[in-house]
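Reviewing the structure listed below.
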Amino acid sequence: MIALQGVRKRFGKVEALRGVSFEVADGQVTGLLGPNGAGKTTALRVVYGVLVPDAGRATVDGIDLAADRVAAQRRLGVLPHAQGLYPRLTAREHVRYFAALHGLLGEGLEARVAEIVAALDMADFADRRADGFSQGQRVKVALARALVHDPRNVVLDEPTNGLDVGATRAVRGLLRKLRDEGRCVLFSSHVMQEVGILCDRVVVIARGEVVAQGSPDELRRSTGKESLEDAFVAAIGSEEGLG
Amino acid sequence: MIAKAGAQPPALRLARTVLAKELRDGLRDRRSLSMALVFPLLGPLVLAGSFSLVSKDVRSAAEDSVKLPVSGRENAPELVAFLAEGGLDPVEPPASPERAVRSGDVDVVLSIPPEYGARLREGRPAPVRLVVDQSRRAAKVTADRVRERLERWGRVTAAQRLVMRGVHPAVIEPLAVEEVDVSTAESRSAILFSVMPYFLVLSIFMGGMSVAIDTTAGERERLSLEPLLANPVPRAALVLGKIGASAFFSLMALTETSIAFTLLPVIAPLEDLGVSFRLDPGMVARLWLLSLPLLLAASALMVVVAARARSFRAAQSTMSFLMLVPAIPGFILAMTPVKEKAWMKITPALGEQLVMVRWLRGELVPVEDALRAMSASLLLAVLLAVVATRLFEGGKLLFEKA
């Protein structure tokens with residue numbers, strides 16, 4: 001379970017988050033939906049502990065990130081906004097590195113690495129160096145290293161960004177599988193349809209504030225709109241930055 | 001279904017994990033490897049090269065037989081034979097001795113006038129003329145040899161005359177001058193080798209530089225820093241691993257440079273210079289050990305500087321400047337010896353270089369001096385590691401450009 005309470009973050013003159021609060025339950029896929037620049041990435045960065053908020057608090061399974069960042073991060077699998085790889089390491093070495101950083105070692109580590117490489121269908125490039133990987137291969141490596149330690153909570157920043165249709169479908173399938181296993185899944189997107197088909201709950205964020213949240217059906221009902229897209233536009237009050 | 005999280009691994013194990021990854025990555029990087037293994041060799045090679053040049057000059061003039069242009073050879077066959085015995089082979093003189101010497105075509109010309117034989121027989125000073133150019137160093141060596149050989153002949157002849165007159169030759173030598181050269185071979189060579197500490201410090205910085213940049217500014221630039229920071233790793237462990245990787249490459253460079261210096265006498269003909277440079281394994285081991293805390297401080301400094309740099313390129317240019325800073329005092333010391341002050345002994349890099357120079361000069365250095373310099377560098381290393389850890393905390397590094 002992931003929760004934000006009154007989180008504020010300011011970068012210079014820009015107030016990126018103005019008191020954001022929401023909860024993400026286990027066994028659900030929650031979509032963080034908002035136009036570009038709404039504060040989605042900033043909110044997620046606070047959740048996975050690379051950004052310290054100016055006010056408010058973020059917790060993972062009840063552990064306050066401000067109090068024990070490391071313990072909270074141990075319960076997270078993260079596909080961050082930036083997904084850079086090490087060009088001189090192979091795909092498998094990437095996964096091993098992150099597994100070890102999560103405390104896995106020895107046979108247990110190797111078993112988990114083999115498992116995730118098979119699950120994400122990476123066998124044909126697992127032992128090649130990352131230099132020259134396609135976008136799809138890069139995302140797979142990033143997903144594998146995010147999930148190798150079998151995290152209870154999974155946070156993904158625009159996981160289907162730049163993927164082709166096949167890869168996008170694969171990622172969506174993976175998110176459903178993670179939910180069905182009882183995990184807490186939080187991902188951000190600015191693509192309406194994706195959120196509509198995938199999410200059990202939606203948190204709509206605009207200009208650093210949560211403007212609506214609930215199931216897709218609840219959103220439609222509360223805004224009195226037929227389609228989720230119209231509901232979304234009604235919620236954020238403009239069509240600016242929609243994808 | 002979902003595995004339970006095990007115990008949090010100790011920070012040192014995580015630091016080792018980071019170190020292992022950075023080493024694997026760095027050892028596959030051609031730039032990092034060449035910075036650690038190729039460039040540090042330049043110092044010893046430059047020294048070996050310059051020694052070879054200087055010594056070739058000196059040796060050929062001092063030992064090998066030299067061609068000596070002599071005009072009027074027929075006037076003094078005995079003297080010419082005596083010179084040839086001393087390795088000065090008489091050859092035909094140039095048309096104009098003065099011009100030939102001035103232009104440097106020949107080092108020296110000896111001319112023996114026709115009246116030489118008659119004067120010698122009469123027991124009056126027999127004239128010989130030596131044309132030299134005192135301003136030319138290489139020519140001076142040859143001229144000195146000729147002069148010395150001539151004086152020797154003069155003494156031998158004088159002694160013979162005295163004996164013929166029944167006088168002991170010692171009568172004309174009231175003084176027995178004995179020259180004691182107190183400049184030990186080591187102290188003479190130290191003038192040349194005071195640049196050696198400079199090269200050792202330089203190798204430390206060069207060796208780890210590329211890795212320090214790649215693991216910090218490089219990590220941010222290729223967007224792998226954010227995923228890394230999302231891992232449950234104490235920032236201190238992250239920083240230790242990265243400083244350690246940079247230190248490992250510095251260590252490779254330092255070790256290689258040290259070995260190259262021990263091999264220097266093999267490559268360059270140092271004995272010919274009157275320079276005995278005995279860099280025995282014990283001395284090398286001492287220099288190496290003395291450098292270790294400095295090596296840690298340098299690695300930590302480079303990680304801090306590179307982490308704060310705006311970009312990979314900016315880090316590179318800042319670093320090439322940084323590399324020179326600790327070398328400046330050593331360089332000045334090599335040029336103009338300054339009296340050591342207390343603060344100098346505990347200034348990292350400077351303190352070590354002072355001790356190194358004295359060791360190389362063959363002086364006895366109090367152990368405390370070495371330990372003091374090492375402690376100062378170790379303290380600096382710890383402080384800089386703390387600064388680096390701060391930098392990695394709270395996303396400052398990711399989102400706030402320096």
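The values are calculated or read from the model by the stated rules, or taken from the named source; none is laboratory data. Quick caveat, the model's predicted, so the values are computed rather than measured. Because the Cβ atoms are built from the backbone with ideal geometry, glycine has one as well, and the counts that use them run over all protein chains shown.
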- Item | Residue count for segment A:103-134, restricted to those that are within 12 Å of chain B (Cβ to nearest Cβ), assigned to a loop (DSSP other than H, G, I, E, B) and of a type outside the set (Gly, Ala, Ser) | 3
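Within segment A:93-102, identify whether any single residue is within 21 Å of residue A:184 (Cα to Cα) and within 7 Å of chain B (Cβ to nearest Cβ), and answer yes or no.
Of segment A:93-102, the ones within 21 Å of residue A:184 (Cα to Cα) are A:98-99, A:102.
Subsequent filtering for residues that are within 7 Å of chain B (Cβ to nearest Cβ) retains A:98, A:102.
Yes, segment A:93-102 has at least one match.
Listed residues A:126, A:114, A:144; which is farther than 18 Å from residue B:227 by Cα, out of contact with any strand residue (DSSP E or B) (no Cβ under 9 Å at 6 or more places or on another chain) and modelled with pLDDT of 95 or more?
Values: A:126 fails: out of contact with any strand residue (DSSP E or B) (no Cβ under 9 Å at 6 or more places or on another chain); A:144 fails: farther than 18 Å from residue B:227 by Cα.
The conditions single out A:114.
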- Item | Which listed residue, of A:105, A:109, A:101, A:89, is within 21 Å of residue B:214 (Cα to Cα) and free of Cβ contacts under 8 Å to residues at least 40 places away in the same chain | A:101
- Note on the structure: Considering only strands (runs of 3 or more DSSP E) wholly within segment A:1-86, the ones with at least 1 residues that are more than 14 Å from chain B (Cβ to nearest Cβ), more than 30 Å from residue A:129 (Cβ to Cβ) and within 18 Å of the chain's Cα centre (by Cα) are A:2-11, A:14-24, A:28-33, A:55-60
- Message: Tally up the residues in segment A:87-106 that are within 18 Å of the chain's Cα centre (by Cα) and over 20 Å from residue A:152 (Cα atoms), please.
- Response: 0
- Query: Taking segment B:314-371 only, how many residues are farther than 21 Å from residue B:301 by Cβ, acidic (Asp, Glu) and at pLDDT 85 or above?
  - Reply: 2
- Message: Out of B:147, B:119, I need the residue that is free of Cβ contacts under 8 Å to residues at least 40 places away in the same chain, under 15 Å from residue B:76 (Cα atoms) and outside any loop (DSSP other than H, G, I, E, B). Which one?
- Response: B:119
- What number of residues within segment B:80-136 are under 17 Å from residue B:147 (Cα atoms) and charged (D, E, K, R)? 6
- Query: Within the set of pairs 6+ apart or on separate chains, which have a first residue in segment A:136-157 that is closer than 16 Å to residue A:3 by Cα, a second that is among the basic types (Lys, Arg) and buried (at least 24 other Cβ atoms within 10 Å of the Cβ), and C-beta atoms under 8 Å apart?
  - Reply: none
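Return the residue satisfying two criteria in turn: it lies in segment B:192-250 and is of a type in the set (Lys, Arg), assigned to a helix (DSSP H, G or I) and facing another protein chain (nearest Cβ under 10 Å), and of such residues it is surrounded by the most Cβ atoms within 10 Å (Cβ to Cβ). I'd like the intermediate steps shown before the answer.
So in segment B:192-250, the residues of a type in the set (Lys, Arg) come out as B:220, B:222, B:235, B:242.
Subsequent filtering for residues that are assigned to a helix (DSSP H, G or I) retains B:220, B:235, B:242.
With the extra rule that they be facing another protein chain (nearest Cβ under 10 Å), the set shrinks to B:220, B:235.
Values: B:220: 23, B:235: 19.
Checked segment B:192-250; the qualifying residue surrounded by the most Cβ atoms within 10 Å (Cβ to Cβ) is B:220.
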- Task: Mind listing whichever residues of segment A:200-227 are aliphatic (A, V, I, L, M) and surrounded by fewer than 21 Cβ atoms within 10 Å (Cβ to Cβ)?
- Result: A:211, A:212
- Query: All but one of (1) modelled with pLDDT of 85 or more; (2) within 41 Å of the chain's Cα centre (by Cα) hold for residue B:58; which doesn't?
  - Reply: (1)
- Message: Can you report the number of residues in segment A:156-207 which are in contact with a strand residue (DSSP E or B) (Cβ under 7 Å, 6 or more places away or on another chain), within 14 Å of chain B (Cβ to nearest Cβ) and not in a loop (DSSP other than H, G, I, E, B)?
- Response: 7
- Task: Taking residue A:54 as the residue in question, decide whether it is within 28 Å of residue B:235 (Cα to Cα), in contact (Cβ under 8 Å) with a residue 24 or more places away in the chain and surrounded by fewer than 24 Cβ atoms within 10 Å (Cβ to Cβ).
- Result: yes
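Would you be able to tell me the number of residues in segment B:91-114 that are without any contact (Cβ under 8 Å) to a residue 40 or more places away in the chain and either under 16 Å from residue B:66 (Cβ atoms) or over 40 Å from the mean Cα position of the chain (by Cα) (or both)?
Of all residues in segment B:91-114, those without any contact (Cβ under 8 Å) to a residue 40 or more places away in the chain come to B:91-106.
Narrowing further to those that are either under 16 Å from residue B:66 (Cβ atoms) or over 40 Å from the mean Cα position of the chain (by Cα) (or both): B:91-97, B:100-101, B:104-106.
Qualifying residue count, segment B:91-114: 12.
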